[in-house]
1. I need the full set of residues from segment 226-262 which are part of a loop (DSSP other than H, G, I, E, B) and aromatic (Phe, Trp, Tyr), in order please.
2. Among the residues of segment 298-307, which ones are surrounded by fewer than 24 Cβ atoms within 10 Å (Cβ to Cβ) and either outside the structural domain of residue 229 (by TED's automatic domain parsing) or at pLDDT 95 or above (or both)?
3. Report whether or not residue 53 is touching a residue at least 24 places away in the same chain (Cβ under 8 Å), of a type outside the set (Gly, Ala, Ser) and surrounded by fewer than 23 Cβ atoms within 10 Å (Cβ to Cβ).
4. Could you figure out which of (1) under 23 Å from residue 366 (Cα atoms); (2) free of Cβ contacts under 8 Å to residues at least 40 places away in the same chain; (3) touching a helix residue (DSSP H, G or I) at 6+ places or on another chain (Cβ under 6 Å) isn't true of residue 34?
5. Please find, among 248, 206, the residue that is closer than 20 Å to residue 23 by Cα and assigned by TED's automatic domain parsing to the domain that holds residue 350.
6. For residues in segment 12-31 being in contact (Cβ under 8 Å) with a residue 60 or more places away in the chain and not small (Gly, Ala, Ser), which is farthest from residue 93 (Cα to Cα)?
7. Any chance you could count how many residues in segment 263-294 are within 30 Å of residue 115 (Cβ to Cβ) and not in a helix (DSSP H, G or I)?
8. Within segment 129-162, how many residues are touching a Leu at 6+ places or on another chain (Cβ under 7 Å), surrounded by 18 or more Cβ atoms within 10 Å (Cβ to Cβ) and not in a loop (DSSP other than H, G, I, E, B)?
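The values are calculated or read from the model by the stated rules, or taken from the named source; none is laboratory data. As the structure is a prediction and not an experimental result, all values here were calculated from the model. Neighbour counts run over all protein chains shown; Cβ positions are idealised from the backbone, glycine included.
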Amino acid sequence: MKHIAFYAPMKPPDHPTPSGDREMARALILALQKAGFEVSVVSSLRSRNGSGDEAEQTRIQEEAESEVSRIAADFEARGAPDLWFTYHLYHKAPDLLGPELTKRFDLPYCVAEASLAAKRKDGPWSDFYAQSLAAIRHADRIFQLNPQDSDGLRSVLGCGLPIVPLDPFLVDPPAPMASDLRQQSRRELAARHGLDPEKPWMLAVGMMRPDSKRDSYKLLAEAFGMRADTAVPLLIVGDGPARPEIEGYFRDHPKAVFLGALPRERLNITYGMADLFVWPAINEAFGMALLEAQAAGLPVVAGNRPGVAAMIVDGETGILAPEGDTGALAEAINQMVADATMRESMSVSAISNVAAHHSLEKAAQRLSDDLLPLIGAWS
């Protein structure tokens, strides 16, 4: 069995704070294992520096040098892996380990979700930018979950990069809920929150952080206020430091119901109770909740971002509105709420879309097809 050293500089897979980044790191490990590889997480060093602070970057660099020495000693004692795989690197979270170790031990070096912003070449992240650039140039494979990232790399490094498209995928997708359980769950929630179970229910799922997630919630509140049928509710799943501010955006909308962060089983039930998933997707890379919603049979109304558009078939599994356009988002919501036939048709297409393109099995096959020949060529 071939052995892969796995590293996630942005956020290690055992980090205590939930996020889409952590979930994708875990999903990639499972996909690699399903592809037949032995996978070891070789470091929990988090290289992310969001402030651009020079002293903090120096501290991270020094810690990385110690980690390189530690991992090198382990490789020498136990044997080196067959390949190094790094998930998510960019100017705020460079890979300070993989390039050095793969050169020292002559290993193939692969990365997933790598991005470059040329405007960061100079400024507070200039050194981390340079190290990310060097890592990407060193990569033997670049697996990209977001088409926009590929375009960004080509704009800096030109064509000819070893880029391999990898569709975002779900490890354990929620299934559509049985009709009797759906009706019972809706009646119970309707009684608790004064909702009409006969109306279509909208659902939004997202972390409540003071960044683009907050901006998405703000735009969603504005669009929700423009809905044609004011009895149609919006279920909101999520929590975080920006929750008080986000709840304030919906203060004048009594049909917005905040459910907080939900455990997986309860979240899947909530997907099953809803009729439509809505998310403005401001600056969204791709958004795993958009895939989960489709797997559960929910058509989606979302902001049109490159990564989002790669998961939603506009007009078939949902409607994409121009990113940041409140009126267009509200119009799409109203259209979907008013047309039950459209929702039913898109529900079927959404389930098929996830099964055909965004499964763990499909991701494992893509990784196997690209990594096994690479390891063989290195042997």
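1. Start the filter on segment 226-262 by keeping residues that are part of a loop (DSSP other than H, G, I, E, B), which leaves 226-233, 238-242, 250-255, 261-262.
Matches in segment 226-262: 250 only.
2. 304
3. Numbers: touching a residue at least 24 places away in the same chain (Cβ under 8 Å): yes; of a type outside the set (Gly, Ala, Ser): yes; surrounded by fewer than 23 Cβ atoms within 10 Å (Cβ to Cβ): yes.
Yes.
4. (2)
5. Details: 248 fails: closer than 20 Å to residue 23 by Cα.
Among 248, 206, only 206 is closer than 20 Å to residue 23 by Cα and assigned by TED's automatic domain parsing to the domain that holds residue 350.
6. Residues of segment 12-31 in contact (Cβ under 8 Å) with a residue 60 or more places away in the chain: 18-21, 23-28, 30-31.
This time we only want the ones that are not small (Gly, Ala, Ser), so: 18, 21, 23-24, 26, 28, 30.
Numbers: 18: 18, 21: 12, 23: 17, 24: 16, 26: 18, 28: 18, 30: 23 Å.
For segment 12-31, the residue satisfying everything is 30.
7. Let us first name the residues in segment 263-294 that are within 30 Å of residue 115 (Cβ to Cβ), namely 264, 267, 271, 277-294.
Right, trim to not in a helix (DSSP H, G or I) and you get 277-287.
Of the residues in segment 263-294, 11 are within 30 Å of residue 115 (Cβ to Cβ) and not in a helix (DSSP H, G or I).
8. Adding up the residues that qualify gives 11.
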